[in-house]
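The values are calculated or read from the model by the stated rules, or taken from the named source; none is laboratory data. Note that the structure is predicted; figures quoted are calculated from it, not measured. Neighbour counts run over all protein chains shown; Cβ positions are idealised from the backbone, glycine included.
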Amino acid sequence: MKRNVMRAAWLVTALFLAAPVFALDIEKLKTGGPYVPTPQIVVDQMLKLAAVGEKDYVIDLGSGDGVIVLTAARQYKAAGMGIDIDPELVRQSNASAQKYGIADRVRFVQQDVFKADLGQATVLALYLLPAMMIDLRSKLFNELKPGVRVVSHDYHLGQWMPDDTIGFDVAEKEAITGVPRATLYKWIVPAKVAGSWQIKIAGGETYELALKQRFQAITEATARAGIRPLRPQAVSLRGDEFSFLLPDGRIVARFNGRVSGESMEGTVELPDGKAPVKWTATRIAGAAVVTE
Ligand SMILES: C[S@@+](CC[C@H](N)C(=O)[O-])C[C@H]1O[C@@H](n2cnc3c(N)ncnc32)[C@H](O)[C@@H]1O
């Protein structure tokens, strides 16, 4: 009996001593910054900028009280997941999901953002400190599917230029950050198209296309038909949508297509008014995308 009492007392003491250590450890792991909620008015603009809809799966890295994912689910019927290192915030977020009757579509998980599985995301939300944004950049670039919209509150991804930026006044941010303004950034994750491609137009010409890419920008594009060099123009990559003009003699062909891993397919329009024809492409030599 005495021994049991001693053991219980020891356990209580150990738990008491461990509690602040655990709390301190959580604070140390918050490399993305402390919990500072995005004001609701800013959340609404973030979801609007990302054009969130009911087919979306929204992931918030460093989800705090869950406001971004909860709003996406309640206002736009989206599904999603929040990741936060703080177990109390995760508990609170899951309780909110239960309260709003949306726990079948959203969940919150205690995890380090660097370990998060981003495979399901169609939209990714961020409000993390600048150094963490830079540290996360290659994970986002390499693990998010082409076409995923990334939206961030106030902090950008350095050399990976945003595809869209908006700024607006938010009086309540004065008390939180000292600046009564919010800036929102949006990126569309690009497909990786760097390398050489062999293009075949259905029932017609074959071309070789060589592309250099830095993040979403095509920095150089050259082409040839046999030994004849050609100069592609207006080369555009947005998510997995790829298009360019190919002047060949007096004809300018307009290629529109989609990238899927090592292949592309789409339609090519010629200026003579004929119906568009199909084209396909296969990557014949890979090259690294420049990400610095
Ligand atoms: C500025 S708050 C943003 C909260 C929420 N996304 C919002 O916009 O309202 C940052 C959140 O990131 C969490 N966090 C910081 N470092 C983290 C890490 N390494 N892994 C997971 N969560 C982290 C913090 O606990 C905090 O809740």
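Quick notes
- Residue within region 200-212 that is surrounded by 19 or more Cβ atoms within 10 Å (Cβ to Cβ) and assigned to a loop (DSSP other than H, G, I, E, B) present: no
- Screening the candidates Phe141, Phe168, Phe114 for the property of being in the same structural domain as Gly53 (by TED's automatic domain parsing) and under 30 Å from Met264 (Cα atoms) yields one hit, Phe141.
- Elements of type strands (runs of 3 or more DSSP E) contained in region 106-171, each with 3 or more residues being more than 11 Å from the chain's Cα centre (by Cα) and farther than 29 Å from Ser96 by Cα: 164-169
- Whichever residue in region 38-85 is polar (S, T, N, Q) and closer than 20 Å to Gly101 by Cβ and, among such residues, is nearest to the ligand (Cβ to nearest atom): Ser63
- Only one of the listed residues (Tyr155, Tyr185) is of a type in the set (Phe, Trp, Tyr), more than 21 Å from Val235 (Cα to Cα) and touching a His at 6+ places or on another chain (Cβ under 9 Å). That residue is Tyr185.
- Every residue from region 231-257 that is crowded, with 18+ Cβ neighbours inside 10 Å and within 22 Å of Asp272 (Cα to Cα): Pro232, Val235, Phe244, Leu246, Ala253, Phe255, Gly257
- Residue in region 234-241 that is charged (D, E, K, R), in a loop (DSSP other than H, G, I, E, B), outside the structural domain of Gln120 (by TED's automatic domain parsing) and within 26 Å of the chain's Cα centre (by Cα) present: yes
- For first residues located in region 92-118 and under 12 Å from Ala73 (Cα atoms), partners that are within 14 Å of the ligand (Cβ to nearest atom) and lie 6+ apart or on another chain with Cβ distances below 6 Å form the pairs Ser96/Gly66; Ser96/Leu70; Ala97/Val106; Val106/Val69; Val106/Gly80; Arg107/Met81.
- Region 3-52: number of residues that are small (Gly, Ala, Ser) and modelled with pLDDT of 75 or more: 4
- Scanning region 273-292 for residues that are in contact (Cβ under 8 Å) with a residue 12 or more places away in the chain and either small (Gly, Ala, Ser) or not in a strand (DSSP E or B) (or both) yields Ala281, Ala285, Gly286, Ala287, Ala288, Val289, Thr291, Glu292.
- Number of positions in region 255-267 that are over 26 Å from the mean Cα position of the chain (by Cα) and within 18 Å of Thr222 (Cβ to Cβ): 1
- The selection criterion, being within 16 Å of the ligand (Cβ to nearest atom), crowded, with 16+ Cβ neighbours inside 10 Å and either modelled with pLDDT of 95 or more or not assigned by TED's automatic domain parsing to the domain that holds Asp240 (or both), holds for Asp154.
- Residue match in region 70-87 (condition: touching a His at 6+ places or on another chain (Cβ under 9 Å), touching a residue at least 24 places away in the same chain (Cβ under 8 Å) and buried (at least 19 other Cβ atoms within 10 Å of the Cβ)): no
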